[in-house]
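Shown next, in structure tokens, is the structure this report addresses.
The values are calculated or read from the model by the stated rules, or taken from the named source; none is laboratory data. If you're wondering where the values come from, they're calculated on a predicted model, not measured in any experiment. All Cβ positions, glycine included, derive from the backbone under ideal geometry; neighbour counts span all protein chains shown. Accessible surface areas use protein heavy atoms only, side chains included; no ligands, DNA or RNA. Shrake-Rupley method; radii C 1.70, N 1.55, O 1.52, S 1.80 Å.
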Amino acid sequence: MGQTLFQKVWDRHAVRLLPNGQTQLYVGLHLVHEVTSPQAFDALRARGWRVRAPERTFATLDHIMPTTAEPRPFKDLMAETMAAALERNCREHKIPLFDRSTGAQGIVHVIGPELGLTQPGMTIACGDSHTSTHGAFGALAFGIGTSQVRDVLASQTLAMSPMKVRRIEVTGRLAPGVYAKDLILAIIGRLGVQAGTGFAYEYAGDTVARLSMDERMTLCNMSIEGGARIGYVNPDVTTIDYLRGRRFAPGANGDTAGFERASEWWRSLASDANARWDDVVHIDADAIAPMVTWGINPGQSVGVDGRLPRSGGGADGEGVSEALEFMGFDSGQAIAGTRIDVAFIGSCTNGRLSDLREAARVVAGQRVAPQVRALVVPGSQAVAAAAQREGLDDIFRSAGFDWREAGCSMCLAMNPDRLNGREICASTSNRNFKGRQGSPTGRTLLMSPAMVAAAAIAGEVVDVRAWGKDARVLAN
Ligand code: SF4
């Protein structure tokens, strides 16, 4: 009987079985940011403990970062306090901190991969739910709470319960205008937001094999929105090509033989053909349309050419009614044509270079609709620099978008970028929960970067597949 990647990586990191049935798991890489780490460092300080493996610990500033060129100290006292605490903690424990002075600052789930810190076969922990992103490389990557951040800082291990593995096999071709974001929204829409509880999601099939690393990261990023703490893709030639030459990847110092040895080992970690999965789900990529969420969780989505469900019936009737009421939508209405106030392109889901390229392709030569506030927030300083080299910033600015500095921005609104009142935001982020974007009554429609770009220009939800053919879009 073969093994899944999950079993192979788990077994290699298991330190011992604990009396309560959990496994003490070694953590290969600990990523730290300013929001979930201050109390964890304080707990160490109170006990006089040191960080167990500072060489496996890396920090960045992302959630609270203003995305305008605001000098220090930040006007927001909370943001300044968190930033100063992380700087002090990193200094004290000799942890590398990627702040803005390094040129490598950005969202923790964007910079880990682009620096080559994220590698196949690792266990990766971070005090943020969307750590599942790193699973795109064939790592077991999961979000942890503040008390677990403390445990990892102190011991480089965690007490974890093993998970079952659900293989999500995607076959067929995504149509032009349909992206990894649409795929994951379609998967969550079909399986639900709780179905992944207790599971790791293994994404496989010829569709997934054709996805770029950026797209695989988008896919794995939102595993947690389907209830799965871990999502991963088996490492292959795409993974290896991405990592070659990255700053912290093996062989970055010119040791090509070392990189080849690592690559061979990475490939051996892929799930065996005769592995046994606890569940297998098939998804037909050909059937997926550009997706738009209409509700208050990421499972409440519909193809852009579809209609919202009818309230009051079925097992989910109550959830539908609550969502429709909050969103101010009518039962059974079409999602296309929904007027928007804000367009946000960014986040750890869709703030990478390929996302910005797709959005720029849509907005080039167009103008943002007069009532729409539109912003692009690159996921990292490296993404921003690469986009600027290609002139994408000029394309966005000419179209009427704000071009901002790297950070989490309006994904979570822990900085000044936020919705006001009942504004509706077309957003490339990952959560449409009530209040997520800073206003308790603000409304979020999740979609792909190309769809957000098209909505920004049209001033309403439109089908990006019809881009250029739609007279209303061109009229703007
Ligand atoms: S972009 Fe959003 S989901 Fe990603 S790390 Fe930042 S706040 Fe969390």
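General observations
- Taking every protein chain into account, the accessible area of the chain amounts to 37 square angstrom per residue (probe 1.4 Å).
- Of all lysines in the structure, those lying under 25 Å Cα to Cα from Lys434, and not within fewer than 8 positions of it along the same chain, are Lys181.
- Taking other residues whose beta carbon is less than 9 angstrom from the beta carbon of Ala336, and scoring Lys, Arg as +1 and Asp, Glu as -1, yields -3.
- Here the accessible area of the chain is 50 percent carbon and sulfur, with a 1.4 angstrom probe and all protein chains present.
- Candidate aspartates and glutamates - alpha carbon under 19 Å from Lys164, same-chain residues fewer than 8 apart omitted: Asp11, Glu202, Glu225, Asp272, Asp278, Asp279
- Alpha-carbon centroid distance for the pair the range 20-75 / the range 397-414, whole angstrom: 24 Å
- Largest to smallest accessible area among Leu174, Leu140 [probe 1.4 Å]: Leu174, Leu140
- Asp214 accessible area, 1.4 Å probe, all protein chains in place, Å² to nearest 10: 30 Å²
- Taking all protein chains together, Tyr201, Tyr26 sort by accessible area into Tyr26, Tyr201, largest first [probe 1.4 Å].
- Helix-only CD estimate at 222 nm, as mean residue ellipticity for the chain, using -39500 (n - 2.57) per DSSP H run (n ≥ 4): -9500 deg cm²/dmol
- Of the listed residues Glu322, Glu55, the order by accessible area with a 1.4 Å probe, largest first, is Glu55, Glu322.
- Solvent exposure of Cys411, expressed as accessible area, is near 10 Å², computed with a probe of 1.4 Å over the protein chains only.
- Taking a straight line from the alpha carbon of Lys75, these aspartates and glutamates sit under 17 Å away, with near neighbours fewer than eight places off in the same chain left out: Glu34, Asp62, Glu405, Asp417.
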